[in-house]
Structure formats: structure tokens, C-alpha cells
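The values are calculated or read from the model by the stated rules, or taken from the named source; none is laboratory data. Because the structure is predicted, anything quoted here is derived from the model rather than measured. Quick reminder, even Gly has a Cβ in these numbers, built from the backbone with ideal geometry, and neighbours come from all protein chains shown. These area figures cover heavy atoms from the full protein model, side chains too; ligands, DNA and RNA do not enter into them. Shrake-Rupley method; radii C 1.70, N 1.55, O 1.52, S 1.80 Å.
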Amino acid sequence: MEISQTALPGVLILTPRRFGDARGFFSESWNRRVMEEAGIEIEFVQDNHSLSHEVGTVRGLHFQSPPHAQAKLVRCGRGALYDVAVDVRRGSPSYGQWVGVDLSHENGRQLLIPAGFLHGFVTREPDTEVIYKCSDFYAPDCDGAVRFDDPDLGIDWGIDPGAAMLSDKDRAAQSFAAFETPFTWEG
């Protein structure tokens, strides 16, 4: 497993080795022992799988507040996406900063996003499947969202924001200025 830092401390790119032959490939996408040896100690309790039919589908920017905050490990099962994490830990030197990473079936990369970050993605290919692990169970009373196209964040999604395919939840998401973060940096 190749582990790379991003511009945001704690947000990591994990690239599993692929072992291929004429049939295809095999890859170990998560191994607790390998991660613990690298100093990553997260217990995942739930796996999610989404399918987005249209290019330009945006899901996010989502968070789940304490006591059910979630770390996530995101990968692409089919297609391609641009995955984004935004630091929203009060007191963090990188508060309000974001990082984006291209994830695809082809490149096999995964993005590890700790609790305390907003998360979202935009699809780059039709019928894109996203598979991700979560460190806590879904808790509707802790679920929230911030606008993906908020000008205070200035995220370059690579699409016309007006053409984004959004859920009702994401269309009604709050602005970043109105967001009162429930997260605190413990650095």
C-alpha cells in the first residue's frame, strides 16, 4: 500500500498494489494491520456504495457531527470522480482549506478523510460507482451539508455549478458562512 500525504494534514491518498494477469487484477483495499503499522488506527463499521448515472453529479459537501462523526475511506469501483475534503475543525491552521483528488477505477487510488472534514465528490464519467467505508454508523440527527459551490470555499469542481446534478438535500445546503462547525482541532 502506497500512502501519500495531501496538502491537508490527515487527509491521505492510499494506493493499493494491484496484482494483474489475463483475468484482471486483485487488490487489497484495506488491511487494518498495515494501516496500524503506518500509524492509522481507524475502525470502520459501515460500507456504503453509490451509483451516479450522469457526469456532473455532485454529492456533498456532507458531514456527520459528533458524537457520530465519521472518518471515510473513499474509492471508485467504476468510472471516475473528483473527491474533495474541506477542513472544518475549529482552530485548525488549515480551517476552510480544501483538497481534491481524482479517483477512478483505473488509478485505484483511495482518499482517507478523517472526522472533522466536509466531504463531497463530482462524477467525471457516466455510471460512476463510489464505495466508501465509514468509522461510525449513519445517524440522521447528526447529518448535515454545506453548499458545494460556496464562494467562500472556492472549490474548483471542474464543472459549471449551475449544471450540477444535485439532490434536494444538497440544493438546500447551508452556506459556509452560516455553518457552525461542531468539530475542534486537537493538534
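Observations
- Strands (runs of 3 or more DSSP E) contained entirely in the range 13-130, each with at least 1 residues that are more than 12 Å from the chain's Cα centre (by Cα) and of a type in the set (D, E): 18-21, 46-52
- Scanning the range 144-168 for residues that are open to solvent by 80 Å² or more (accessible area, probe 1.4 Å) and either under 14 Å from V84 (Cβ atoms) or touching a strand residue (DSSP E or B) at 6+ places or on another chain (Cβ under 8 Å) (or both) yields a total of 2.
- Checking each residue in the range 97-112 for being open to solvent by 10 Å² or more (accessible area, probe 1.4 Å) and not hydrophobic (A, V, I, L, M, F, W, C) picks out Q97, G100, D102, S104, H105, E106, N107, G108, R109.
- All conditions in (1) touching a Pro at 6+ places or on another chain (Cβ under 8 Å); (2) open to solvent by less than 80 Å² (accessible area, probe 1.4 Å) hold for E28, with the sole exception of (2).
- Residue count, the range 170-185 (criterion: open to solvent by 50 Å² or more (accessible area, probe 1.4 Å) and under 18 Å from A69 (Cα atoms)): 4
Matching residues to (1) of a type in the set (D, E); (2) farther than 21 Å from E186 by Cα; (3) free of Cβ contacts under 8 Å to residues at least 24 places away in the same chain:
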| site | (1), (2), (3) |
| --- | --- |
| D47 | yes, yes, no |
| S52 | no, yes, no |
| Q64 | no, no, no |
| R89 | no, no, no |
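- Matching residues, the range 54-70, being touching a Lys or Arg at 6+ places or on another chain (Cβ under 8 Å) and open to solvent by 30 Å² or more (accessible area, probe 1.4 Å): V55
- Residues located in the range 131-163, provided they are assigned to a strand (DSSP E or B) and of a type in the set (V, I, T): I131, V146
- Residue count for the range 1-12, restricted to those that are in contact with a helix residue (DSSP H, G or I) (Cβ under 9 Å, 6 or more places away or on another chain) and part of a strand (DSSP E or B): 1
- Selected residue (only one of L73, L51 is among the hydrophobic types (A, V, I, L, M, F, W, C) and open to solvent by 40 Å² or more (accessible area, probe 1.4 Å)): L51
- Residues of the range 15-45 that turn out to be touching a residue at least 24 places away in the same chain (Cβ under 8 Å) and closer than 19 Å to G77 by Cα, as a count: 9
- Selection count, the range 39-48, where residues are open to solvent by 60 Å² or more (accessible area, probe 1.4 Å) and in contact with a strand residue (DSSP E or B) (Cβ under 7 Å, 6 or more places away or on another chain): 1
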